[in-house]
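Here's the structure, in structure tokens; my notes come after.
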Amino acid sequence: MSDLDAHRLTHSIFYNYVTLYGGWEMDLPRESSQFNPMSMNRNYRLALKLIADGTIDVSGLSRIRPYTEGQEAFEAILNRTEPMLATVLSWQ
């Protein structure tokens, strides 16, 4: 429970680098095993596959910037002027 509305809470999480667990996430093992196929890494791989396949649309959530703009990107995050949820630095 929190006195914060959802926007203020998620803003704090993403811009202040807060790690928030709902309680059950850490019950999953980090890696799968023969008798326990579920794991955190398996879920991460599945999520990334769904994003790569286009099943989950994440367009509009991040800005891709060349690595040469790294300083500007970090300053925008620090100064809270970056409107996107995430910034990705590209070396391509």
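The values are calculated or read from the model by the stated rules, or taken from the named source; none is laboratory data. Source: prediction; values computed, not measured. Neighbour counts are summed over all protein chains in view; Cβ atoms, including those assigned to glycine, are modelled from backbone coordinates with ideal geometry.
Output the residue which, of all residues in the stretch 56-92 that are part of a loop (DSSP other than H, G, I, E, B) and charged (D, E, K, R), is nearest to residue 17 (Cα to Cα).
Across the stretch 56-92, the extreme among qualifying residues is 80.
Quick check on my filter: what residues within the stretch 30-55 are in a helix (DSSP H, G or I) and farther than 15 Å from residue 86 by Cβ?
Selection gives 40, 41, 42, 43, 44, 45, 46, 49, 50, 52, 53.
Within the stretch 48-62, is there a residue that is at positive phi and either among the aliphatic types (A, V, I, L, M) or modelled with pLDDT of 85 or more (or both)?
So far as the stretch 48-62 goes, yes, one or more of its residues are at positive phi and either among the aliphatic types (A, V, I, L, M) or modelled with pLDDT of 85 or more (or both).
What tally of residues in the stretch 63-74 results from selecting those that are in contact with a Ser or Thr (Cβ under 8 Å, 6 or more places away or on another chain) and loosely packed, with under 13 Cβ neighbours inside 10 Å?
Result for the stretch 63-74: 3.
Can you work out which of the residues in the stretch 12-29 that are modelled with pLDDT under 80 and surrounded by 10 or more Cβ atoms within 10 Å (Cβ to Cβ) is nearest to the chain's Cα centre (by Cα)?
Of everything passing the filter in the stretch 12-29, 14 is nearest to the chain's Cα centre (by Cα).
Contact list please: Cβ distance under 7 Å, first residue in the stretch 64-84 and within 14 Å of residue 11 (Cβ to Cβ), second residue of a type in the set (Gly, Ala, Ser), pairs at least six apart or on different chains.
That search, which allows pairs on different chains as well, returns 82/76; 84/62.
Give the residues of the stretch 37-62 that are among the polar types (S, T, N, Q), surrounded by 10 or more Cβ atoms within 10 Å (Cβ to Cβ) and either in contact with a His (Cβ under 6 Å, 6 or more places away or on another chain) or closer than 19 Å to residue 88 by Cα (or both), sorted by residue number.
Result: 62, single match.
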